[in-house]
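Structure record follows, encoded as C-alpha coordinates.
The values are calculated or read from the model by the stated rules, or taken from the named source; none is laboratory data. All values derive from a computational prediction rather than experimental measurement. Here the Cβ is made from the backbone with ideal geometry for all residues, glycine too, and neighbour counts use every protein chain on show. When the accessible area is computed, the model is the full protein with side chains, heavy atoms only, and any ligands, DNA or RNA have been set aside. Shrake-Rupley method; radii C 1.70, N 1.55, O 1.52, S 1.80 Å.
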Amino acid sequence: MANFDKSERTNFQAALFGLSLNRAAGPPLHQQLAEALRQMILSGRAHPGARLPASRQLARDLSVSRQTALTALDQLLAEGYLETRPGAGTYVARDLPHLAPPPAPAIDTTPPPPEPLRMFQPGAPDMAQFPHAAWARHLDRAWRRPEPALLARADPFGWAPLRAAIAAHLAAWRGLDRSGTQVVITSGATETFELLARILFRPGDQVLTESPGYAPMRAALTRAGTAPVAMALDDDGAVLPPGARARGVIVTPSRHYPMGMTLPLARRLALIDWARRTDAWVIEDDYDSEFRYTGTPLPPLAALDADRVIYVGSFSKLLSPALRLGYVLLPQRLLAPMRAALAETGPRASLIPQPALAGFMDSGEFATHLRRMRRLYAARQTAVRAALARHLPEHLIAAPDPAGMHLICRIGPALSGVPDLQISAIAQAAGITLRALSAYWPDGDGPQGLVLGYAGFAPDALETGVARLAAALRQYQPGKSPVST
(Lines give C-alpha, C1' and ligand atoms only; values in the text may rest on other atoms or scores of the structure.)
Protein backbone atom coordinates (compact mmCIF):
# COMPACT_ATOMS: atom_id res chain seq x y z
CA MET A 1 0.00 0.00 0.00
CA ALA A 2 1.32 3.43 -0.90
CA ASN A 3 2.24 5.72 1.93
CA PHE A 4 -0.35 8.42 2.42
CA ASP A 5 0.53 10.87 5.15
CA LYS A 6 -1.80 12.88 7.33
CA SER A 7 -1.45 16.14 5.37
CA GLU A 8 -2.26 14.35 2.10
CA ARG A 9 -5.34 12.72 3.64
CA THR A 10 -6.47 16.09 4.95
CA ASN A 11 -5.98 17.78 1.57
CA PHE A 12 -7.80 14.95 -0.24
CA GLN A 13 -10.78 15.08 2.14
CA ALA A 14 -10.93 18.88 1.80
CA ALA A 15 -10.91 18.57 -2.01
CA LEU A 16 -13.72 16.01 -1.89
CA PHE A 17 -15.80 18.22 0.37
CA GLY A 18 -15.26 21.15 -1.99
CA LEU A 19 -16.61 19.39 -5.10
CA SER A 20 -19.28 21.46 -6.84
CA LEU A 21 -22.07 19.77 -8.85
CA ASN A 22 -24.39 21.68 -11.16
CA ARG A 23 -27.95 20.66 -10.36
CA ALA A 24 -29.58 23.14 -12.73
CA ALA A 25 -28.16 21.91 -16.05
CA GLY A 26 -25.53 19.74 -17.68
CA PRO A 27 -24.91 16.00 -17.46
CA PRO A 28 -26.56 13.87 -14.78
CA LEU A 29 -25.15 14.25 -11.29
CA HIS A 30 -23.53 10.80 -11.25
CA GLN A 31 -21.63 11.65 -14.45
CA GLN A 32 -20.50 15.02 -13.00
CA LEU A 33 -19.33 13.29 -9.81
CA ALA A 34 -17.47 10.57 -11.72
CA GLU A 35 -15.75 13.18 -13.92
CA ALA A 36 -14.78 15.30 -10.91
CA LEU A 37 -13.26 12.29 -9.12
CA ARG A 38 -11.50 11.21 -12.32
CA GLN A 39 -9.89 14.66 -12.68
CA MET A 40 -8.78 14.61 -9.05
CA ILE A 41 -6.99 11.31 -9.70
CA LEU A 42 -5.46 12.44 -13.00
CA SER A 43 -4.23 15.70 -11.50
CA GLY A 44 -2.60 13.94 -8.56
CA ARG A 45 -4.81 15.52 -5.90
CA ALA A 46 -5.97 11.97 -5.08
CA HIS A 47 -2.82 9.86 -4.70
CA PRO A 48 -2.70 6.10 -5.39
CA GLY A 49 -3.84 4.35 -2.23
CA ALA A 50 -6.00 7.25 -1.03
CA ARG A 51 -9.12 6.01 0.75
CA LEU A 52 -12.48 7.45 -0.30
CA PRO A 53 -15.29 8.06 2.17
CA ALA A 54 -18.04 5.45 2.36
CA SER A 55 -20.77 5.99 -0.22
CA ARG A 56 -23.25 7.10 2.45
CA GLN A 57 -20.80 9.67 3.82
CA LEU A 58 -19.89 10.92 0.34
CA ALA A 59 -23.57 11.30 -0.50
CA ARG A 60 -24.23 13.27 2.70
CA ASP A 61 -21.21 15.54 2.17
CA LEU A 62 -22.26 16.38 -1.41
CA SER A 63 -26.01 16.48 -0.71
CA VAL A 64 -26.78 13.85 -3.34
CA SER A 65 -28.56 10.51 -3.13
CA ARG A 66 -26.57 7.44 -2.18
CA GLN A 67 -27.50 5.90 -5.53
CA THR A 68 -25.85 8.84 -7.31
CA ALA A 69 -22.67 8.29 -5.31
CA LEU A 70 -22.71 4.50 -5.90
CA THR A 71 -23.23 4.92 -9.64
CA ALA A 72 -20.26 7.31 -9.92
CA LEU A 73 -18.01 5.03 -7.85
CA ASP A 74 -19.04 1.95 -9.87
CA GLN A 75 -18.14 3.75 -13.10
CA LEU A 76 -14.61 4.55 -11.82
CA LEU A 77 -14.21 1.03 -10.49
CA ALA A 78 -15.03 -0.31 -13.96
CA GLU A 79 -12.50 2.07 -15.55
CA GLY A 80 -9.77 0.95 -13.16
CA TYR A 81 -9.34 4.27 -11.34
CA LEU A 82 -10.64 2.82 -8.07
CA GLU A 83 -10.36 -0.52 -6.32
CA THR A 84 -12.15 -2.10 -3.40
CA ARG A 85 -10.69 -4.02 -0.50
CA PRO A 86 -13.01 -6.42 1.29
CA GLY A 87 -14.02 -4.99 4.63
CA ALA A 88 -11.78 -1.93 4.15
CA GLY A 89 -13.52 0.33 1.64
CA THR A 90 -12.81 1.99 -1.68
CA TYR A 91 -9.38 3.36 -2.64
CA VAL A 92 -7.67 5.08 -5.54
CA ALA A 93 -6.08 2.24 -7.50
CA ARG A 94 -2.47 1.48 -6.61
CA ASP A 95 -1.44 0.30 -10.06
CA LEU A 96 -1.48 3.76 -11.65
CA PRO A 97 2.28 4.48 -11.69
CA HIS A 98 1.95 6.96 -14.55
CA LEU A 99 -0.33 9.03 -12.29
CA ALA A 100 1.92 9.01 -9.26
CA PRO A 101 3.14 12.52 -8.47
CA PRO A 102 6.88 13.15 -8.61
CA PRO A 103 8.58 12.71 -5.28
CA ALA A 104 8.40 15.89 -3.28
CA PRO A 105 11.73 17.50 -2.48
CA ALA A 106 12.85 17.00 1.09
CA ILE A 107 11.86 20.08 3.06
CA ASP A 108 12.92 20.62 6.62
CA THR A 109 9.75 21.73 8.37
CA THR A 110 11.43 22.05 11.76
CA PRO A 111 10.89 25.65 12.91
CA PRO A 112 14.09 27.56 13.60
CA PRO A 113 14.96 27.92 17.28
CA PRO A 114 14.10 31.26 18.87
CA GLU A 115 16.77 33.91 18.65
CA PRO A 116 18.69 33.80 21.94
CA LEU A 117 18.88 36.90 24.07
CA ARG A 118 22.23 38.54 23.36
CA MET A 119 24.38 39.52 26.28
CA PHE A 120 23.70 43.05 27.61
CA GLN A 121 20.63 43.54 25.42
CA PRO A 122 18.73 46.34 27.18
CA GLY A 123 15.08 46.34 28.17
CA ALA A 124 14.67 42.55 28.34
CA PRO A 125 13.22 40.98 31.51
CA ASP A 126 14.59 37.69 32.78
CA MET A 127 12.05 35.20 31.41
CA ALA A 128 13.62 32.38 33.43
CA GLN A 129 12.08 34.09 36.47
CA PHE A 130 8.58 34.20 34.98
CA PRO A 131 6.12 32.65 37.47
CA HIS A 132 5.10 29.80 35.14
CA ALA A 133 3.33 27.64 37.72
CA ALA A 134 1.22 30.47 39.13
CA TRP A 135 0.44 31.78 35.66
CA ALA A 136 -0.64 28.32 34.45
CA ARG A 137 -2.87 27.95 37.49
CA HIS A 138 -4.66 31.25 36.84
CA LEU A 139 -4.94 30.55 33.12
CA ASP A 140 -6.43 27.12 33.78
CA ARG A 141 -8.84 28.50 36.37
CA ALA A 142 -10.05 31.19 33.97
CA TRP A 143 -10.60 29.00 30.91
CA ARG A 144 -11.35 25.48 32.13
CA ARG A 145 -14.83 26.65 33.11
CA PRO A 146 -15.00 30.21 31.76
CA GLU A 147 -17.45 32.73 33.09
CA PRO A 148 -20.34 33.38 30.68
CA ALA A 149 -19.09 36.96 30.21
CA LEU A 150 -15.82 35.64 28.76
CA LEU A 151 -17.76 33.90 26.00
CA ALA A 152 -20.01 36.87 25.27
CA ARG A 153 -19.18 39.86 23.13
CA ALA A 154 -15.99 41.36 24.52
CA ASP A 155 -15.88 44.90 25.88
CA PRO A 156 -13.46 46.82 23.61
CA PHE A 157 -12.00 48.42 26.75
CA GLY A 158 -10.90 44.98 27.98
CA TRP A 159 -11.85 42.48 30.67
CA ALA A 160 -13.46 44.48 33.50
CA PRO A 161 -11.81 42.57 36.40
CA LEU A 162 -8.37 43.19 34.87
CA ARG A 163 -9.12 46.89 34.47
CA ALA A 164 -10.13 47.02 38.14
CA ALA A 165 -6.97 45.12 39.14
CA ILE A 166 -4.79 47.58 37.22
CA ALA A 167 -6.51 50.50 38.91
CA ALA A 168 -5.85 48.91 42.31
CA HIS A 169 -2.20 48.33 41.37
CA LEU A 170 -1.76 51.96 40.31
CA ALA A 171 -3.34 53.14 43.55
CA ALA A 172 -1.00 51.01 45.65
CA TRP A 173 2.23 51.51 43.68
CA ARG A 174 1.83 54.96 42.11
CA GLY A 175 -0.73 56.74 44.29
CA LEU A 176 -3.23 57.12 41.44
CA ASP A 177 -6.76 56.99 42.78
CA ARG A 178 -8.78 56.10 39.66
CA SER A 179 -11.64 53.83 38.76
CA GLY A 180 -11.14 50.70 36.67
CA THR A 181 -13.69 52.16 34.25
CA GLN A 182 -10.99 54.65 33.20
CA VAL A 183 -8.53 51.89 32.24
CA VAL A 184 -8.38 50.64 28.64
CA ILE A 185 -6.48 47.43 27.84
CA THR A 186 -4.35 47.56 24.68
CA SER A 187 -1.93 45.23 22.91
CA GLY A 188 1.00 47.38 24.00
CA ALA A 189 2.50 50.82 23.79
CA THR A 190 2.41 51.08 20.00
CA GLU A 191 -1.35 50.52 19.79
CA THR A 192 -1.83 52.86 22.73
CA PHE A 193 -0.06 55.72 20.97
CA GLU A 194 -1.92 55.03 17.73
CA LEU A 195 -5.27 55.24 19.52
CA LEU A 196 -4.30 58.37 21.43
CA ALA A 197 -3.14 60.06 18.24
CA ARG A 198 -6.55 59.33 16.68
CA ILE A 199 -8.65 60.73 19.51
CA LEU A 200 -6.46 63.65 20.60
CA PHE A 201 -4.86 65.12 17.49
CA ARG A 202 -5.69 66.13 13.95
CA PRO A 203 -3.37 65.74 10.95
CA GLY A 204 -0.77 68.48 11.04
CA ASP A 205 -0.95 69.02 14.82
CA GLN A 206 2.40 69.44 16.51
CA VAL A 207 3.21 67.01 19.34
CA LEU A 208 6.27 67.54 21.52
CA THR A 209 8.39 64.43 22.07
CA GLU A 210 11.64 63.76 23.88
CA SER A 211 14.78 63.46 21.80
CA PRO A 212 15.91 60.78 22.01
CA GLY A 213 12.72 58.94 22.73
CA TYR A 214 10.69 55.82 22.00
CA ALA A 215 10.99 55.31 18.23
CA PRO A 216 7.74 53.30 17.76
CA MET A 217 5.87 56.13 19.45
CA ARG A 218 7.23 58.69 16.98
CA ALA A 219 6.38 56.35 14.12
CA ALA A 220 2.79 56.01 15.37
CA LEU A 221 2.43 59.80 15.53
CA THR A 222 3.83 60.16 12.02
CA ARG A 223 1.42 57.54 10.64
CA ALA A 224 -1.44 59.48 12.19
CA GLY A 225 -0.37 62.57 10.26
CA THR A 226 0.82 64.60 13.24
CA ALA A 227 4.10 66.49 13.33
CA PRO A 228 6.41 65.33 16.16
CA VAL A 229 8.60 68.14 17.44
CA ALA A 230 11.76 67.12 19.31
CA MET A 231 12.42 68.55 22.78
CA ALA A 232 16.05 68.88 23.82
CA LEU A 233 17.39 67.25 26.98
CA ASP A 234 19.49 68.61 29.79
CA ASP A 235 20.63 66.95 33.02
CA ASP A 236 17.09 67.07 34.40
CA GLY A 237 15.29 65.71 31.36
CA ALA A 238 13.16 67.21 28.60
CA VAL A 239 13.17 70.97 28.19
CA LEU A 240 9.89 72.58 27.18
CA PRO A 241 10.59 74.96 24.26
CA PRO A 242 9.74 78.60 25.05
CA GLY A 243 6.40 79.62 23.58
CA ALA A 244 5.53 76.08 22.48
CA ARG A 245 2.06 75.90 20.89
CA ALA A 246 1.83 72.15 20.38
CA ARG A 247 -1.41 70.20 20.90
CA GLY A 248 0.29 67.71 23.18
CA VAL A 249 3.49 66.44 24.76
CA ILE A 250 4.71 62.89 25.41
CA VAL A 251 7.22 62.42 28.22
CA THR A 252 8.80 59.72 30.41
CA PRO A 253 9.10 61.72 33.65
CA SER A 254 9.84 58.81 36.00
CA ARG A 255 12.81 57.62 33.98
CA HIS A 256 13.89 58.91 30.60
CA TYR A 257 14.92 56.30 28.07
CA PRO A 258 17.80 55.77 27.62
CA MET A 259 19.43 58.47 29.74
CA GLY A 260 17.65 57.54 32.97
CA MET A 261 17.12 60.98 34.50
CA THR A 262 13.96 61.78 36.48
CA LEU A 263 12.05 64.95 35.66
CA PRO A 264 12.14 67.14 38.79
CA LEU A 265 8.92 68.29 40.44
CA ALA A 266 9.34 71.93 39.43
CA ARG A 267 9.60 70.97 35.78
CA ARG A 268 6.61 68.65 36.10
CA LEU A 269 4.50 71.44 37.54
CA ALA A 270 5.65 73.79 34.76
CA LEU A 271 4.63 71.20 32.17
CA ILE A 272 1.15 70.86 33.70
CA ASP A 273 0.80 74.65 33.84
CA TRP A 274 1.78 74.95 30.17
CA ALA A 275 -0.77 72.29 29.19
CA ARG A 276 -3.55 74.09 31.07
CA ARG A 277 -2.70 77.46 29.54
CA THR A 278 -2.50 76.14 25.99
CA ASP A 279 -5.29 73.53 26.25
CA ALA A 280 -2.82 70.76 25.40
CA TRP A 281 -2.64 67.11 26.42
CA VAL A 282 0.13 65.48 28.42
CA ILE A 283 0.84 61.79 27.75
CA GLU A 284 2.92 60.17 30.48
CA ASP A 285 4.76 56.99 29.47
CA ASP A 286 5.59 55.22 32.74
CA TYR A 287 7.28 52.21 31.20
CA ASP A 288 9.32 50.75 34.11
CA SER A 289 8.70 52.84 37.22
CA GLU A 290 8.14 49.70 39.34
CA PHE A 291 11.87 48.95 39.17
CA ARG A 292 13.22 51.61 41.53
CA TYR A 293 15.96 50.45 43.89
CA THR A 294 16.76 53.48 46.05
CA GLY A 295 14.92 56.60 47.08
CA THR A 296 11.24 57.53 46.91
CA PRO A 297 9.77 58.04 43.44
CA LEU A 298 8.15 61.36 42.62
CA PRO A 299 4.38 61.29 42.10
CA PRO A 300 3.40 60.69 38.48
CA LEU A 301 2.15 63.56 36.38
CA ALA A 302 -1.28 61.92 36.35
CA ALA A 303 -1.46 62.48 40.12
CA LEU A 304 -0.98 66.22 39.56
CA ASP A 305 -3.78 66.64 37.01
CA ALA A 306 -6.45 63.98 36.54
CA ASP A 307 -8.20 65.81 33.71
CA ARG A 308 -5.33 66.61 31.37
CA VAL A 309 -2.74 63.84 31.83
CA ILE A 310 -3.06 60.44 30.12
CA TYR A 311 -1.08 57.67 31.82
CA VAL A 312 0.39 54.82 29.71
CA GLY A 313 1.74 51.54 31.06
CA SER A 314 2.71 48.07 29.85
CA PHE A 315 3.35 44.56 31.16
CA SER A 316 6.18 43.84 28.69
CA LYS A 317 8.97 44.56 31.16
CA LEU A 318 7.04 43.68 34.31
CA LEU A 319 6.08 40.17 33.16
CA SER A 320 6.74 39.26 29.53
CA PRO A 321 6.62 40.95 26.11
CA ALA A 322 4.89 37.79 24.84
CA LEU A 323 1.69 38.77 26.69
CA ARG A 324 1.22 41.72 24.32
CA LEU A 325 -0.74 43.63 26.97
CA GLY A 326 -0.58 47.28 27.88
CA TYR A 327 -3.01 49.82 29.25
CA VAL A 328 -3.90 53.47 29.25
CA LEU A 329 -5.52 55.42 32.08
CA LEU A 330 -7.80 58.07 30.60
CA PRO A 331 -9.46 61.21 31.97
CA GLN A 332 -13.23 60.79 32.14
CA ARG A 333 -13.88 63.09 29.18
CA LEU A 334 -11.84 60.87 26.84
CA LEU A 335 -13.75 57.65 27.52
CA ALA A 336 -16.44 58.29 24.90
CA PRO A 337 -13.96 59.26 22.12
CA MET A 338 -11.85 56.18 22.90
CA ARG A 339 -14.89 53.90 22.75
CA ALA A 340 -15.82 55.41 19.38
CA ALA A 341 -12.28 54.86 18.07
CA LEU A 342 -12.25 51.23 19.22
CA ALA A 343 -15.66 50.68 17.64
CA GLU A 344 -14.04 51.45 14.28
CA THR A 345 -10.85 49.43 14.66
CA GLY A 346 -11.82 46.76 17.16
CA PRO A 347 -9.59 45.84 20.11
CA ARG A 348 -6.24 44.20 19.33
CA ALA A 349 -5.40 42.92 22.80
CA SER A 350 -6.10 39.20 23.12
CA LEU A 351 -8.76 38.31 25.68
CA ILE A 352 -7.08 34.96 26.47
CA PRO A 353 -4.48 36.21 29.00
CA GLN A 354 -6.63 38.97 30.51
CA PRO A 355 -8.63 36.96 33.10
CA ALA A 356 -5.47 35.08 34.08
CA LEU A 357 -3.61 38.34 34.64
CA ALA A 358 -6.55 39.71 36.64
CA GLY A 359 -6.44 36.66 38.92
CA PHE A 360 -2.66 36.90 39.19
CA MET A 361 -2.89 40.54 40.28
CA ASP A 362 -5.85 40.06 42.64
CA SER A 363 -4.11 37.17 44.40
CA GLY A 364 -1.16 39.36 45.41
CA GLU A 365 1.25 37.18 43.42
CA PHE A 366 1.89 39.98 40.91
CA ALA A 367 3.05 42.38 43.66
CA THR A 368 5.19 39.60 45.15
CA HIS A 369 6.74 38.96 41.74
CA LEU A 370 7.53 42.67 41.24
CA ARG A 371 9.18 42.95 44.65
CA ARG A 372 11.25 39.85 43.95
CA MET A 373 12.33 41.11 40.53
CA ARG A 374 13.19 44.51 41.97
CA ARG A 375 15.56 42.89 44.48
CA LEU A 376 16.96 40.62 41.77
CA TYR A 377 17.61 43.43 39.30
CA ALA A 378 19.17 45.64 41.96
CA ALA A 379 21.61 42.81 42.80
CA ARG A 380 22.39 42.34 39.11
CA GLN A 381 23.19 46.00 38.67
CA THR A 382 25.63 45.72 41.56
CA ALA A 383 27.11 42.56 40.03
CA VAL A 384 27.69 44.04 36.57
CA ARG A 385 29.22 47.23 37.99
CA ALA A 386 31.60 45.10 40.07
CA ALA A 387 32.51 43.05 36.99
CA LEU A 388 33.19 46.22 34.98
CA ALA A 389 35.40 47.53 37.77
CA ARG A 390 37.38 44.25 37.77
CA HIS A 391 37.78 43.68 34.05
CA LEU A 392 37.43 47.10 32.40
CA PRO A 393 38.22 49.78 34.99
CA GLU A 394 39.80 52.11 32.42
CA HIS A 395 37.50 51.27 29.51
CA LEU A 396 33.87 51.59 30.61
CA ILE A 397 32.73 53.48 33.69
CA ALA A 398 29.18 52.96 35.01
CA ALA A 399 27.78 55.02 37.87
CA PRO A 400 25.06 53.44 40.04
CA ASP A 401 21.52 54.05 38.83
CA PRO A 402 18.61 54.22 41.29
CA ALA A 403 16.17 52.57 38.84
CA GLY A 404 15.71 50.82 35.52
CA MET A 405 17.06 47.79 33.69
CA HIS A 406 20.20 49.17 32.03
CA LEU A 407 23.25 51.31 32.77
CA ILE A 408 24.81 54.15 30.82
CA CYS A 409 28.58 53.56 30.59
CA ARG A 410 30.97 56.44 30.01
CA ILE A 411 34.00 55.78 27.82
CA GLY A 412 37.12 55.55 29.97
CA PRO A 413 40.67 56.74 29.24
CA ALA A 414 41.73 53.39 27.79
CA LEU A 415 39.30 54.01 24.89
CA SER A 416 39.77 57.74 24.69
CA GLY A 417 38.99 58.98 21.19
CA VAL A 418 37.29 55.73 20.11
CA PRO A 419 33.73 56.48 18.94
CA ASP A 420 30.95 54.64 20.75
CA LEU A 421 29.77 53.25 17.40
CA GLN A 422 33.18 51.60 16.96
CA ILE A 423 33.06 50.13 20.48
CA SER A 424 29.57 48.82 19.74
CA ALA A 425 30.87 47.16 16.55
CA ILE A 426 33.70 45.49 18.50
CA ALA A 427 31.18 44.12 20.98
CA GLN A 428 28.88 42.99 18.16
CA ALA A 429 31.71 41.03 16.57
CA ALA A 430 32.21 39.28 19.92
CA GLY A 431 28.54 38.30 20.05
CA ILE A 432 27.60 41.02 22.52
CA THR A 433 24.95 43.75 22.20
CA LEU A 434 26.41 46.97 23.53
CA ARG A 435 24.45 49.80 21.99
CA ALA A 436 26.05 53.12 21.15
CA LEU A 437 24.42 55.94 23.09
CA SER A 438 24.91 58.45 20.29
CA ALA A 439 22.82 56.27 17.95
CA TYR A 440 19.69 56.91 20.03
CA TRP A 441 19.63 60.49 18.73
CA PRO A 442 17.86 60.86 15.35
CA ASP A 443 20.98 62.14 13.59
CA GLY A 444 23.42 60.01 15.59
CA ASP A 445 24.89 63.14 17.16
CA GLY A 446 24.12 62.35 20.79
CA PRO A 447 26.65 62.13 23.62
CA GLN A 448 29.23 59.36 23.60
CA GLY A 449 28.60 56.31 25.75
CA LEU A 450 27.31 52.74 25.78
CA VAL A 451 23.97 51.31 26.91
CA LEU A 452 24.41 48.06 28.85
CA GLY A 453 21.36 45.99 29.81
CA TYR A 454 21.71 43.75 32.84
CA ALA A 455 18.21 42.77 34.02
CA GLY A 456 17.81 39.69 31.83
CA PHE A 457 21.05 37.98 32.88
CA ALA A 458 22.15 36.04 35.94
CA PRO A 459 25.21 37.34 37.86
CA ASP A 460 27.51 34.58 36.58
CA ALA A 461 26.45 35.31 32.99
CA LEU A 462 27.12 39.01 33.55
CA GLU A 463 30.60 38.19 34.86
CA THR A 464 31.32 35.99 31.85
CA GLY A 465 29.94 38.60 29.46
CA VAL A 466 32.06 41.40 30.86
CA ALA A 467 35.17 39.17 30.71
CA ARG A 468 34.42 38.36 27.07
CA LEU A 469 33.87 42.04 26.29
CA ALA A 470 37.14 42.88 28.04
CA ALA A 471 39.04 40.38 25.88
CA ALA A 472 37.53 41.88 22.71
CA LEU A 473 38.27 45.48 23.71
CA ARG A 474 41.88 44.71 24.72
CA GLN A 475 42.50 43.14 21.31
CA TYR A 476 41.18 46.20 19.51
CA GLN A 477 43.71 48.01 17.35
CA PRO A 478 42.82 51.47 16.03
CA GLY A 479 42.24 51.47 12.28
CA LYS A 480 41.53 47.74 12.14
CA SER A 481 38.01 46.40 11.62
CA PRO A 482 36.65 44.13 14.36
CA VAL A 483 36.61 40.42 13.54
CA SER A 484 33.77 38.14 14.58
CA THR A 485 34.70 35.46 17.06
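Key figures
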quantity: Angle in degrees between helix 353-362 and the longest Cα principal axis of the chain, rounded to the nearest 10; calculated: 40 degrees
quantity: Values of log10 I(q)/I(0), in the order q = 0.21, 0.24 Å⁻¹, for the stretch 55-162 under a Debye, Cα-only, solvent-free model; calculated: -1.22, -1.26
quantity: Counted charge near Ile397, where neighbours are those whose Cβ lies closer than 12 Å (Asp, Glu -1; Lys, Arg +1); calculated: +1
quantity: Per-peptide average of other Cβ atoms within 10 Å, ordering 352-360, 463-471, 131-139 highest first; calculated: 352-360, 463-471, 131-139
quantity: C-alpha long axis of helix 265-278 to longest principal axis of the chain, angle in °; calculated: 70 degrees
quantity: Spatial separation of Cα centroids for the stretch 255-299 and the stretch 181-212, in angstrom; calculated: 17 Å
quantity: Relative contact order for the chain, counting Cα pairs under 8 Å that sit 6 or more residues apart, in percent; calculated: 15 percent
quantity: Among (i) 32, 29, 25; (ii) 37, 24, 21; (iii) 58, 32, 22, the entry that matches semi-axes √(5λ) of the Cα gyration tensor in Å as calculated here; calculated: (iii)
quantity: Local electrostatic count, Tyr311, Cβ distance below 9 Å [Lys/Arg +1, Asp/Glu -1]; calculated: -1
quantity: Dipole moment magnitude, nearest 20 debye, the chain about Cα centre, only Lys, Arg, Asp, Glu C-beta charged; calculated: 720 debye
quantity: Rg to Rh quotient for the stretch 173-241, alpha carbon positions, Kirkwood Rh; calculated: 1.03
quantity: Efficiency of FRET from Cβ geometry, Asp445 and Arg277, R₀ 25 Å, rounded to 0.05; calculated: 0.20
quantity: DSSP beta bridge pairing in the chain, given as percent antiparallel to the nearest 5; calculated: 60 percent
quantity: The chain - mean residue ellipticity at 222 nm from DSSP helices (-39,500 (n - 2.57) per run, n ≥ 4, rounded to 500); calculated: -12500 deg cm²/dmol
quantity: Karplus 3J(HN,Hα) series, Hz, for the stretch 108-120 with 6.51 cos²θ - 1.76 cosθ + 1.60 (x for Gly, Pro); calculated: 7, 8, 5, x, x, x, x, 5, x, 5, 7, 3, 6
quantity: Label-point separation in nm, Ala399 to Leu150, each point 7 Å along Cα→Cβ; calculated: 4.9 nm
quantity: Cα gyration tensor category, rounded, prolate or oblate, for the stretch 210-284 with a/c compared to 1.5; calculated: oblate
quantity: Whole-number D in µm² s⁻¹ for the stretch 183-311, Kirkwood Cα-pair radius fed into Stokes-Einstein, 4 °C, 1.567 mPa s; calculated: 88 µm²/s
quantity: Estimated distance in nm for a label pair at Ser416 and Ala15, the labels positioned 7 Å out from Cα along Cα-to-Cβ; calculated: 7.6 nm
quantity: Within the accessible area of the stretch 39-174 (1.4 Å probe), percent carbon and sulfur; calculated: 57 percent
quantity: Charge sum, other residues only, whose C-beta stays under 10 Å from Ala427's C-beta, Lys/Arg counted +1 and Asp/Glu -1; calculated: +3
quantity: Mean-position separation - Cα centroids, the stretch 107-156 and the stretch 301-364, in angstrom; calculated: 18 Å
quantity: Stretchable slack from Arg474 to Asp177, in nm (0.36 nm times residue separation minus alpha-carbon distance); calculated: 101.6 nm
quantity: Tilt relative to the chain, helix 6-17 - C-alpha long axis, 0 to 90 degrees, to 10; calculated: 60 degrees
quantity: Burial ranking of peptide ranges 110-116, 417-423, 293-299 (average Cβ count within 10 Å, highest at the top); calculated: 417-423, 293-299, 110-116
quantity: Average accessible area per residue (Å²) across the stretch 379-445 - probe 1.4 Å, nucleic acids and ligands excluded; calculated: 41 Å²
quantity: Selected from Tyr377, Thr90, Val183, residue furthest toward positive end of dipole (the chain; charges at beta carbon); calculated: Thr90
